[in-house]
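A quick write-up on the structure given underneath.
FYI, it's all coordinate maths here, none of it is from the lab. Fair warning: this is a prediction, and the values are worked out from it, not measured in the lab. All Cβ positions, even for glycine, are placed from backbone atoms using ideal geometry, and neighbour counts span all protein chains on display.
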Amino acid sequence: MIQAGFIFLFLYVFLMFYLGFIVNKLPEINEKYSLPKIKFSIIIPFKNEEDNLPLLLCSLQKINYPKDFFEIFFVNDHSSDSGEQIIEKYSNILPIKILKNIENSKSPKKDALETGIQQAKFEYIITTDADCEIPENWLLSYNHFIVQKSPELIAGPVTYTDKKGFFYKFQSLEFLTLQAFTQAGFAVKKAFIANGANLCFTKKSFEEVGGYQGNKHLVSGDDVFLLEKIRKKFPKKIYFLKDRNNVVRTFPVENKQKLIHQKIRWASKMKTKKNSLGLWIGLLILTINLYQIYFLVFLFVFSISSVLFLLIKFLIDFYLIIQTNKFYQNKLKLLHILYSELIYPFYLFSVLLGIINGNFKWKDNKY
């Protein structure tokens, strides 16, 4: 058992070291932007987001891009709050159109996105979420990259808004590692993860791959399934946009139950993904964290094997976080990383039990 644990640890160390190396090899944009040329249709589904919409709208108002070069579709997914009235207040300032999601499949977010995409008059579509904050030069960054590369899909960077408290720091650290996997996948031309909070693609490619058809039986996965389809059809035309002026900020969840349900929802799409790289990486991470529980709980914590295993794992995780954070520049504390390292395996085990149970809540609905 101990020997097998160290064999998996060796594989894990190799993977994390490679990820940390490759994310810094992905080129970062740090040059003068091209003049505005590309026109964008921005699609934002929302449901009961009245607390988050003011920040999003305020950030959209500050976008440094000609107003006649973009349009914004807010798609109301059966909200029961005053979100639509909040958006209407900005309709004279921004090129906003409010649509209603009238579809009723098992995946309401995909339905809402399709509703907006069908109405979009511009070729480049950008999706984001209602609980996000948009950077000022967001569209200038996309415009510059598109002029240079003529891509079919671009995954943009996403991070969590900094909030005080260990629970929020824990989520930020976990999200940072997900961004490492995102960047590394694009860097080695085997992208398997993206985030719909900052995703750009052409309307033509969306229609050619059939949009979200074939995945509507799953509530989640609008971003990764679309990435998978477009990557298969246009393997040389998908990119990660590594630009600090393109980082979209979103909010961590407020409590443990929501966090567990969020991860169950994200994991629910894995069984139907055709890209096996993400599955094998996920299995290795799960295995190594289960072994960490074994070394912490079932072996004496101060045994040589336990100390060596835990120290090596902490050092390689710390390395990946630091390497990835060179781009995101989040505020990190060593103590938060250490606490997270000890807690994460048990948290992951809770998510695993939830996946086995198979039930979760999202946007006030049970699935």
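Only counting other Cβ atoms within 10 Å, I'd like Val351, Val248 sorted with the fewest neighbours first.
Details: Val351 18, Val248 21.
In increasing order of surrounding Cβ atoms, one gets Val351, Val248.
Can you give the local net charge around Pro66? Use residues other than it whose beta-carbon is closer than 13 angstrom to its beta-carbon, Lys and Arg +1, Asp and Glu -1.
Charge balance in the 13 Å sphere: +1.
In whole Hz and in residue order, list the ³J(HN,Hα) couplings for the range 250-261 that follow from phi through the Karplus curve 6.51 cos²θ - 1.76 cosθ + 1.60, θ = phi - 60°; x for Gly and Pro.
Along the range 250-261, the couplings run 10, 9, x, 6, 8, 8, 4, 4, 5, 5, 4, 5 Hz.
Rg and Dmax of the range 140-180 over Cα atoms: what are they, in angstrom?
14.8, 42
Nearest 10 degrees is fine. How inclined is helix 138-149 to the longest principal axis of the chain, computing both from alpha carbons?
Orientation of helix 138-149: about 90 degrees from the principal axis.
Only helical DSSP H runs with n ≥ 4 go in: add -39500 (n - 2.57) per run for the chain, normalise by residue count and round the 222 nm mean residue ellipticity to 500 deg cm²/dmol. Intermediate results must be reported in sequence, preceding the final value.
Numbers: 12 runs with 180 residues, N = 367.
Taking each H run of at least 4 residues, the total per residue is -16000 deg cm²/dmol.
Give me the percent of DSSP beta bridges within the chain that run antiparallel, rounded to the nearest 5. Please report the intermediate quantities before stating the final value.
Values: 11 of 33 bridges.
Around 35 percent antiparallel, to the nearest 5.
Would you mind ranking Trp138, Trp280 by Cβ crowding within 10 Å, fewest neighbours first?
Numbers: Trp138 28, Trp280 11.
Lowest count first: Trp280, Trp138.
Rounded to the nearest 10 degrees, what's the angle between the helix 334-357 long axis and the longest principal axis of the chain, both from Cα atoms, 0 to 90?
80 degrees
State which entries of Lys163/Lys190; Lys110/Lys190; Lys190/Lys313 exceed 30 angstrom in Cα-Cα distance in the structure shown. Working shown, then result.
Numbers: Lys163/Lys190 33 Å; Lys110/Lys190 24 Å; Lys190/Lys313 25 Å.
Listed pairs above 30 Å: Lys163/Lys190.
Compute the angle between helix 222-233 and the longest alpha-carbon principal axis of the chain, please, reported from 0 to 90 degrees and rounded to the nearest 10.
Once rounded, one gets 90 degrees.
Roughly how many Å is it from the Cα centre of the range 154-200 to that of the range 52-79, as a whole number?
Taking the Cα centre of each part, the range 154-200 and the range 52-79 sit 22 Å apart.
Taking the chain as a Gaussian network, Cα atoms linked when under 10 Å apart, which of Ile154, Ile93, Ile355 shows the biggest mean-square fluctuation?
Ile93
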